[in-house]
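Just below is one structure, and these are the notes that go with it.
The values are calculated or read from the model by the stated rules, or taken from the named source; none is laboratory data. Please read all numbers here as calculations on a predicted model, not as lab measurements. Glycine also receives a Cβ, built like all others from the backbone with ideal geometry; neighbour counts cover every protein chain displayed. These area figures cover heavy atoms from the full protein model, side chains too; ligands, DNA and RNA do not enter into them. Shrake-Rupley method; radii C 1.70, N 1.55, O 1.52, S 1.80 Å.
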Amino acid sequence: MVSESDGEADRGSDREPGPGPGPESADATGAGAGAGHGSADSGPGPANNAARTSVWLDHRAPSRSRRSESPAGLDRNRITEASVRLLDADGLARFSMRRLAAELDVTAMSLYWYVDTKDDLLELALDSVYAEIAPPREDAAWQDRLRDLARSYRELLVRHIWISPLAGTFLNIGPNSMLFSYAVQDIVRATGLPLERQTGALSAVFQFVYGFGTVEGHFKARCDATGLTQDEYHRQAMTTIRAQPHMRQITEASDDLMAARGGDTVEEMRERDFVFALDLLIAGIEAVRDRSGSATR
């Protein structure tokens with residue numbers, strides 16, 4: 001039995017966020033990249049079992065009966081939606097059961113009628129935002145479908161910057177994450193690549209998007225925190241760097257590259273880079289597919 005004082009304490013895992021989707025991932029969302037286990041303070045009972053690697057694999061009976069005094073109108077969906085709002089507003093580092101309870105105007109103990117650990121909430125929140133990824137157009141060529149899905153994933157990472165560390169921490173086997181994974185796999189199958197090359201192509205594209213979107217999201221958040229636009233922040237940073245004599249050779253080379261790239265704003269320059277890099281990856285997929293086809297004829 002858990003005491004009220006235990007319930008008020010934040011029993012969430014103190015596990016450090018893991019890396020993003022790795023090359024060993026089974027899909028673009030990072031499934032299999034970081035199973036992770038609950039820490040010693042992850043919560044009572046079976047939740048401490050190291051074999052319990054995901055809230056989506058937990059089919060045991062609830063550790064507590066749903067008593068009549070559980071808050072009216074409170075359910076997992078409402079808790080998950082509040083978790084996303086809090087993560088967007090305050091970030092991953094400040095997220096806690098107590099802060100979430102305050103957001104919902106309930107006691108922290110009330111949340112444990114619906115989840116066992118803070119990790120459960122983070123995993124539920126992570127999967128819920130994957131529902132924001134628009135499904136690719138069914139009647140489009142695979143190249144265009146891949147571009148659409150890659151862009152949607154990038155926008156998700158920028159919109160919710162707390163996703164990137166969590167994507168490599170959890171299994172990512174929730175319903176929305178799996179739908180995204182299936183959509184990615186369908187597109188890669190449509191490329192005509194040999195089966196043994198498809199996971200490599202998947203990793204090349206979506207780990208690129210993961211990295212690009214992660215850096216973009218954090219840069220935008222940094223600018224927002226300073227009250228500067230991205231262009232203002234970039235100009236101030238470059239002015240400071242150019243004032244350092246030992247950095248002159250590097251900045252001159254960088255200036256040449258930026259001038260050749262074109263674009264009047266940071267966002268335009270970044271967009272050009274993203275589009276070209278994605279086109280380059282698609283061209284690589286097509287080249288490998290054509291070469292593989294020639295080798296089999």
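Taken together, the residues in the stretch 266-297 that are β-branched (Val, Ile, Thr) and at pLDDT 95 or above amount to 4.
Is it true that TYR153 is open to solvent by 50 Å² or more (accessible area, probe 1.4 Å) and hydroxyl-bearing (Ser, Thr, Tyr)?
Details: open to solvent by 50 Å² or more (accessible area, probe 1.4 Å): no; hydroxyl-bearing (Ser, Thr, Tyr): yes.
Judged against the criteria, TYR153 is not a match.
Has the stretch 112-126 got any residue that is closer than 16 Å to GLY217 by Cβ and aromatic (Phe, Trp, Tyr)? Taking every residue of the stretch 112-126 in turn, none turns out to be closer than 16 Å to GLY217 by Cβ and aromatic (Phe, Trp, Tyr). When GLU271 is tested against the conditions (1) of a type in the set (D, E, K, R); (2) more than 17 Å from LEU149 (Cα to Cα); (3) assigned to a helix (DSSP H, G or I), the lone failure is (2).
Inside the stretch 96-132, residues that are open to solvent by less than 10 Å² (accessible area, probe 1.4 Å), farther than 11 Å from THR80 by Cα and within 17 Å of the chain's Cα centre (by Cα) make up a count of 1.
Which one of ALA277, ALA283 is assigned to a helix (DSSP H, G or I), closer than 27 Å to ALA221 by Cα and either free of Cβ contacts under 8 Å to residues at least 24 places away in the same chain or out of contact with any Lys or Arg (no Cβ under 6 Å at 6 or more places or on another chain) (or both)?
Values: ALA283 fails: closer than 27 Å to ALA221 by Cα.
Exactly one residue qualifies, and that residue is ALA277.
The lone criterion from (1) open to solvent by less than 10 Å² (accessible area, probe 1.4 Å); (2) touching a residue at least 60 places away in the same chain (Cβ under 8 Å) left unmet by ARG147 is number (1).
Residues in the stretch 223-243 that are under 18 Å from ARG159 (Cβ atoms), in contact with a helix residue (DSSP H, G or I) (Cβ under 7 Å, 6 or more places away or on another chain) and loosely packed, with under 14 Cβ neighbours inside 10 Å: there are none. Among the residues making up the stretch 222-268, those that are part of a helix (DSSP H, G or I) and among the polar types (S, T, N, Q) are THR226, GLN230, GLN236, THR239, THR240, GLN249, THR251, SER254.
With the structure loaded, tell me whether ILE187 is in contact with a helix residue (DSSP H, G or I) (Cβ under 6 Å, 6 or more places away or on another chain), outside any helix (DSSP H, G or I) and surrounded by 17 or more Cβ atoms within 10 Å (Cβ to Cβ) or whether it fails that test.
For ILE187, the condition - in contact with a helix residue (DSSP H, G or I) (Cβ under 6 Å, 6 or more places away or on another chain), outside any helix (DSSP H, G or I) and surrounded by 17 or more Cβ atoms within 10 Å (Cβ to Cβ) - is not met.
If you go through the stretch 166-177 and keep only what is modelled with pLDDT of 95 or more and open to solvent by 10 Å² or more (accessible area, probe 1.4 Å), you end up with PRO175, ASN176.
LEU202 - would you say it is surrounded by 13 or more Cβ atoms within 10 Å (Cβ to Cβ), modelled with pLDDT of 90 or more, in contact with a helix residue (DSSP H, G or I) (Cβ under 8 Å, 6 or more places away or on another chain) and not in a helix (DSSP H, G or I)? Full working, then the answer.
Details: surrounded by 13 or more Cβ atoms within 10 Å (Cβ to Cβ): yes; modelled with pLDDT of 90 or more: yes; in contact with a helix residue (DSSP H, G or I) (Cβ under 8 Å, 6 or more places away or on another chain): yes; not in a helix (DSSP H, G or I): no.
So LEU202 does not fit the description; no.
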